[in-house]
Amino acid sequence: MSFSTAYAPKNQHSIPQDDNDLSTHANYRDIRTTHVDLDWTIDWKSQLIHGSCTLELEVTAKDGVEHISLDESYLDISAVEVDGQDSKFTLSDRHGVCGRELRIELANMAKAGDQVKVKIQYSTTKDCTTLGWLNPVQTKSGDWPFLYSQSQAIHARSLLPCQDTPAVKATYAAKVKSTLPALMSGIRVSPPSEAKLELGKEIEYVYKQPVAIPSYLIAIASGELAYRECPKQEGKNWKTGIWTEPLMLDAAYEEFNADTPKFVAAAEKFASPYEFGVYDVLFLPNSFPYGGMENSCLTFATPTVLAGDKSAVDLVAHEISHSWFGNGIGCASWSHFWLNEGWTTYLERLLVGDREGEAARRTDLKDGLALLQSEPRFQRLVPSLQQFEDPDDAFSKVPYEKGSNFLLHLERTVGGLDIFLPYLRDYFKTFNHTSITTDQWKEHLFDYFGKQENGSEFQRKLGQVDFDEWIYGSGLDLCVDLQYDQSLAESCEALSQKWDAAREVKETSFTSHDVESFSTQQKVVFLDKLDAQPVFPASLISLLDNTYGFGKNDNAEVRLRFYQIALKSGPEYAEDAAKWVVDKGRMKFCRPIFRLLKQQTPELAQKTFMEHKDFYHPIARKMIAKDLGVDL
Ligand code: BES
Ligand code: ZN
């Protein structure tokens with residue numbers, strides 16, 4: 001591929017784009033994993049997983065390699081074998097969030113192209129950061145314990161020793177012994193898919209993932225789980241279905257069974273055939289720290305989206321879209337995370353637009369940007385992370401919103417969707433199964449359009465885009481003012497202005513009819529608009545609640561926004577918000593509430609957290625503790 005430098009804007013910000021992953025100890029440039037074999041037993045009593053992990057690696061360094069460095073975090077490693085022979089290993093000191101380097105010396109120098117097999121016997125420990133272990137009382141039925149992993153970005157190393165970098169992709173196979181149904185992010189081989197999964201009896205579950213994926217997509221969940229298949233799509237060779245605790249299955253199925261297979265079919269139409277064979281969604285207990293996580297074949301999702309109003313179908317549209325962007329084309333390091341999330345958000349909005357019409361192909365960017373991380377270096381689309389810095393700390397809406405708007409801007413620049421979609425498909429075909437940098441993405445973009453019939457015209461248009469500003473610029477505004485269909489937002493804006501004006505008047509005329517015709521999404525937009533205004537007096541907050549019932553709204557997105565506005569105004573709703581947050585493990589909900597509680601009622605914030613900290617997943621627990629400034 002040739003890079004048409006003549007049209008590529010020069011890099012005014014002069015940030016060298018480094019594709020080395022600084023969050024890994026692995027010498028992955030010299031030797032890389034091609035396959036992982038897991039043999040695990042879930043020990044419910046001790047809340048540990050123990051067994052072995054066998055890595056098949058291939059030497060890529062042209063001068064050969066003398067050692068293998070892997071990532072591990074809080075594992076208890078008992079033995080290492082290299083090609084069937086016991087081998088010595090050493091562990092470095094811990095590097096903050098990045099864990100320890102597990103170094104294995106090879107008896108003989110391995111040459112380029114050589115295969116090496118490393119088998120590691122180990123157990124997880126109680127400090128494991130990826131596994132959330134729930135006691136029976138934390139589940140719906142209260143009868144059985146529950147377990148799930150959350151490995152993105154760099155927590156896979158606390159589940160298995162591995163090259164824990166998105167730059168490396170490998171296939172995997174797993175055997176898991178558990179007394180409760182065990183799901184993994186692959187295709188189930190045994191028991192067969194039609195078998196009823198028994199509770200309380202030890203069964204060996206066998207999975208395979210024949211598509212090469214990065215370590216962070218290796219995922220497990222086990223507990224009292226039930227399944228229902230979604231309606232088949234005609235002529236398709238893939239299946240979709242819903243997993244969750246039996247007591248939630250009806251609600252989850254009702255909410256997502258129709259849209260899930262339709263979104264996969266629609267994404268195939270926009271992009272290319274679905275490659276993973278199975279697409280299931282697993283609704284986890286409330287402590288799940290994210291909205292959704294795109295584990296291959298098996299999206300993990302928060303149950304807070306089961307609102308009964310289908311208002312969160314975009315979550316499934318989003319996670320499905322990762323099958324092409326993130327799981328298909330990966331990022332070479334966490335600095336290039338936007339290639340996962342920006343592209344995925346772009347496709348997600350095409351899918352939602354396909355379902356609901358163009359007006360819904362919206363963005364919350366304008367309001368969203370105001371909520372972004374304040375640290376300017378994380379406002380960059382491609383932030384540079386320091387050695388061993390926690391990628392979770394850089395997490396924000398930037399890669400999602402700047403990224404997807406950048407792509408929308410490019411779509412419009414080249415002349416619309418009909419021209420952009422063939423490019424999207426070519427991009428996918430070129431880089432599927434690989435992990436790339438932003439430079440590689442950009443090089444392909446110029447190359448692709450340069451090769452088209454009117455290539456020089458395309459390149460002239462692309463040449464006018466300020467790539468450097470988009471990629472390396474910080475600040476909370478986009479460098480281009482993108483216009484959207486505002487029809488759905490207009491009524492939200494009008495009502496929010498009425499509330500703004502109400503500060504000055506004695507008599508108000510608000511009634512519940514004001515929001516009667518609003519979709520949940522519009523209520524959210526309305527509340528975001530209120531939140532962007534100066535703080536409201538407590539009297540208007542209680543009027544807002546009494547008139548529209550937001551303080552009792554069952555939709556968590558609405559409730560969160562209401563509490564955010566209320567807690568900025570004063571402590572009146574602090575008790576309510578504290579009661580609400582104790583079973584909201586999704587960080588999008590619990591972190592802002594705890595932060596605002598800390599400002600209004602610091603004692604209540606601390607007390608609430610300390611009493612309920614065991615409910616939260618380790619990642620969320622650590623983040624809230626950091627936000628509140630408490631030691632765990
Ligand atoms: N891959 C992300 C979740 C993630 C990102 C986990 C970084 C850990 C580190 C997932 O696809 C995602 O973006 N989830 C969103 C939902 C979505 C509708 C934007 C979430 O959890 O809020
Ligand atoms: Zn995502």
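General observations
- Where strands (runs of 3 or more DSSP E) fall wholly inside the stretch 130-217, the ranges with 1 or more residues that are closer than 25 Å to Leu339 by Cα, modelled with pLDDT of 95 or more and touching a Ser or Thr at 6+ places or on another chain (Cβ under 8 Å) are 146-149, 170-178, 203-213.
- Qualifying helices (runs of 4 or more DSSP H) (wholly inside the stretch 568-632; at least 3 residues being touching a helix residue (DSSP H, G or I) at 6+ places or on another chain (Cβ under 6 Å) and surrounded by fewer than 18 Cβ atoms within 10 Å (Cβ to Cβ)): none
- The stretch 380-406 - residue that is over 15 Å from the mean Cα position of the chain (by Cα) and surrounded by fewer than 19 Cβ atoms within 10 Å (Cβ to Cβ) and, of those, nearest to ligand 1 (Cβ to nearest atom): Asp390
- In the stretch 292-304, the qualifying residues are those that are part of a loop (DSSP other than H, G, I, E, B) and of a type outside the set (A, V, I, L, M, F, W, C), and the one that is farthest from ligand 1 (Cβ to nearest atom) is Ser296.
- Candidates Ser321, Ser311, Ser335, Ser287, filtered to the one that is away from ligand 2 (no atom under 15 Å from the Cβ), under 29 Å from Asp19 (Cα atoms) and either free of Cβ contacts under 8 Å to residues at least 40 places away in the same chain or among the polar types (S, T, N, Q) (or both): Ser335
Residue by residue, here is whether (1) away from ligand 1 (no atom under 15 Å from the Cβ); (2) within 30 Å of Asn432 (Cβ to Cβ); (3) touching a residue at least 60 places away in the same chain (Cβ under 8 Å) holds:
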| residue | (1), (2), (3) |
| --- | --- |
| Gly132 | no, no, yes |
| Thr139 | yes, no, yes |
| Tyr148 | no, yes, yes |
| Arg157 | no, yes, yes |
| Pro161 | yes, yes, yes |
| Ala170 | yes, yes, yes |
| Ala173 | yes, yes, yes |
| Val176 | yes, yes, yes |
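- For the stretch 334-355, taking the residues that are charged (D, E, K, R) and within 15 Å of Val264 (Cβ to Cβ), the one that is farthest from ligand 1 (Cβ to nearest atom) is identified as Asp354.
- Scan the stretch 474-512 for residues that are assigned to a loop (DSSP other than H, G, I, E, B), of a type in the set (Gly, Ala, Ser) and closer than 30 Å to Ser539 by Cβ and the total you get is 2.
- Strands (runs of 3 or more DSSP E) fully within the stretch 17-103 counting 2 or more residues that are among the charged types (D, E, K, R): 31-43, 48-59, 65-72, 75-82
- Boolean, Gly241 is in contact with a His (Cβ under 9 Å, 6 or more places away or on another chain) and surrounded by fewer than 24 Cβ atoms within 10 Å (Cβ to Cβ): no
- Pair list, Cβ < 6 Å and 6+ apart or interchain, from the stretch 555-573 residues that are touching a residue at least 60 places away in the same chain (Cβ under 8 Å) to residues that are in a loop (DSSP other than H, G, I, E, B) and among the hydrophobic types (A, V, I, L, M, F, W, C): Asn555/Ala307
- Matching residues, the stretch 305-333, being modelled with pLDDT of 95 or more, more than 9 Å from ligand 1 (Cβ to nearest atom) and in a helix (DSSP H, G or I): Ile320
- Residue in the stretch 58-74 that is of a type in the set (A, V, I, L, M, F, W, C) and closer than 18 Å to Gln209 by Cβ present: no
- Pairs meeting the criteria (first residue in the stretch 195-220 and over 18 Å from Phe325 (Cα atoms), second residue at pLDDT below 95, beta carbons under 9 Å, at least 6 apart or on different chains) are Ile203/Leu197; Tyr205/Leu197.
- Residues that are within 12 Å of the chain's Cα centre (by Cα) and of a type in the set (A, V, I, L, M) within the stretch 282-303 comprise Met293, Ala301, listed in sequence order.
- Residue match in the stretch 97-117 (condition: among the hydrophobic types (A, V, I, L, M, F, W, C), within 24 Å of Tyr207 (Cα to Cα) and either in contact (Cβ under 8 Å) with a residue 40 or more places away in the chain or outside the structural domain of His433 (by TED's automatic domain parsing) (or both)): yes
The values are calculated or read from the model by the stated rules, or taken from the named source; none is laboratory data. Source: prediction; values computed, not measured. We place every Cβ from the backbone using ideal geometry, glycine too, and count neighbours over all the protein chains shown.
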